[in-house]
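Data first, discussion second: the structure below is written as structure tokens.
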Amino acid sequence: MIRPTDYEFLTQLLRQTSGLALGEGREYLVESRLVPVAARLGLPGIAELVARIRATLDRDLVRAVGEAMATHESSFFRDEAPFTLLRDRILPELVAARRPSRRLRIWCAAASSGQEPYSVSMILDEMQLAAAGWTLEILATDFSAPALDRARRGVYTDFEVQRGLSRSVLERCLVRDEGGWRIRDAIRRPVVFRELNLMEPFGVVGTFDLVLCRNVLIYFDIPTKRDVLGRLAGTIAADGYLVLGAAETALGLTERLERVPETTANIFRRSGAAAPRAAAS
Ligand SMILES: C[S@@+](CC[C@H](N)C(=O)[O-])C[C@H]1O[C@@H](n2cnc3c(N)ncnc32)[C@H](O)[C@@H]1O
């Protein structure tokens, strides 16, 4: 059994370092996720793991604890609705507005094992922008190094590709590989992977036409959601968009963002912003 003082310590540590708001009564979850972390270090249990963290404040150890507690679940075109909207409206509007620079910057801020950034890349591929000379960048970040390693490898099982990919998209965008299905180079090319913890300053990431931050804020408490959303708002172009997960919202959390009307998915833009205007050709 985990001791109440150890649970309290881990709750605070996780809130501060990874944003995860555990709340009360999740001892079983902490035990099931952290006993294997302790075992990997040759420690008998969670009490000894907590003692090691208290004594050393070792960054790698704190990170391993955050990673073990995080949920990395993802799938291609997850929830469908936001991707339909991206394909049918948001991306065509942005492309029309960016015609003079022929450049699009997109950020997937909790990319996990890569299905989300690759789904966006598959839509851009369908729009044939690279062939038309566009510069495309999809920055895919996550605080989990193992998740990013998987994403970089870009190899998925039969089960993973069956979740969300039609046969025609599968054959256009992935190729059969010994280990399963591998993302084709054309889909991988625009995607740049980088470790980034949303709890820390973003550093110099620049401005994005589109930011996806999906299914991560749901694990954070309200002050943390406010802080992250406020900082995300600062990275979006004046006519850009932020896509949140199906159970997430920015409403009531920041004045800097407003929901895009007439959309069924959780899509936001900077307050008072207008939709992208097609550039004169
Ligand atoms: C449930 S997955 C969501 C993946 C993808 N966005 C989707 O919707 O399918 C949540 C991801 O957020 C990452 N994550 C959790 N806390 C984070 C933080 N503080 N900074 C960056 N990434 C974080 C986890 O490592 C995990 O890969």
Legend entry - Whole-Hz ³J(HN,Hα) from phi, Karplus 6.51 cos²θ - 1.76 cosθ + 1.60, for the range 85-91, glycine and proline x: 5, 4, 5, 8, 10, 5, 5
Inset, instruction - Could you go through the range 252-262 in sequence order and give the Karplus-derived ³J(HN,Hα) for each residue, using 6.51 cos²θ - 1.76 cosθ + 1.60 with θ = phi - 60°, rounded to whole Hz, and x for Gly and Pro? - result: x, 10, 8, 6, 7, 10, 10, 6, 6, x, 6
Inset, instruction - Mind ranking 108-119, 260-271 by how tightly packed they are, going by the mean number of other C-beta atoms within 10 angstrom, highest first? - result: 108-119, 260-271
Inset, instruction - Please state, to two decimals, what the Cα-based radius of gyration of the range 210-281 comes to when divided by 2.2 N^0.38 Å (N = residues). - result: 1.10
Legend entry - Convex hull volume per residue for the range 116-238, taking Cα atoms only, in Å³: 125 Å³
Inset, instruction - Note down, for the chain, the three equivalent ellipsoid semi-axes (square root of 5 times each alpha carbon gyration tensor eigenvalue), biggest first, whole angstrom. - result: 35, 23, 15
Inset, instruction - Take peptides 18-25, 78-85, 176-183 and line them up by average Cβ neighbours within 10 Å, highest first, as a rough protection proxy. - result: 78-85, 18-25, 176-183
Legend entry - the chain - share of DSSP beta bridges that are antiparallel (%, nearest 5): 40 percent
Inset, instruction - Using a 1.4 angstrom probe, figure out how much accessible area the chain has per residue, in square angstrom, rounded to the nearest whole. - result: 48 Å²
Legend entry - Rounded accessible area of S101 (nearest 10 Å², 1.4 Å probe): 70 Å²
Legend entry - Accessible-area composition of the range 229-281, carbon plus sulfur, in percent [1.4 Å probe]: 50 percent
Inset, instruction - Take F202, F76 and sort them by solvent-accessible surface of the protein heavy atoms, 1.4 Å probe, largest at the top. - result: F202, F76
Inset, instruction - State the volume of the convex hull built on the alpha-carbon positions of the range 91-176, expressed per residue in Å³ and rounded to an integer. - result: 107 Å³
Inset, instruction - Using Cα pairs closer than 8 Å and at least 6 residues apart in sequence, work out the relative contact order for the chain, in percent. - result: 19 percent
Inset, instruction - Would you compute, from DSSP H runs of 4+ residues alone, the mean residue ellipticity of the chain at 222 nm, taking -39500 (n - 2.57) per run and dividing by the full residue count, rounded to the nearest 500? - result: -11500 deg cm²/dmol
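The values are calculated or read from the model by the stated rules, or taken from the named source; none is laboratory data. As the structure is a prediction and not an experimental result, all values here were calculated from the model. Note that we place each Cβ from the backbone using ideal geometry, even for glycine, and neighbour counts take in every protein chain shown. Just the protein is used for accessible areas: all its heavy atoms, side chains included, with ligands, DNA and RNA removed. Shrake-Rupley method; radii C 1.70, N 1.55, O 1.52, S 1.80 Å.
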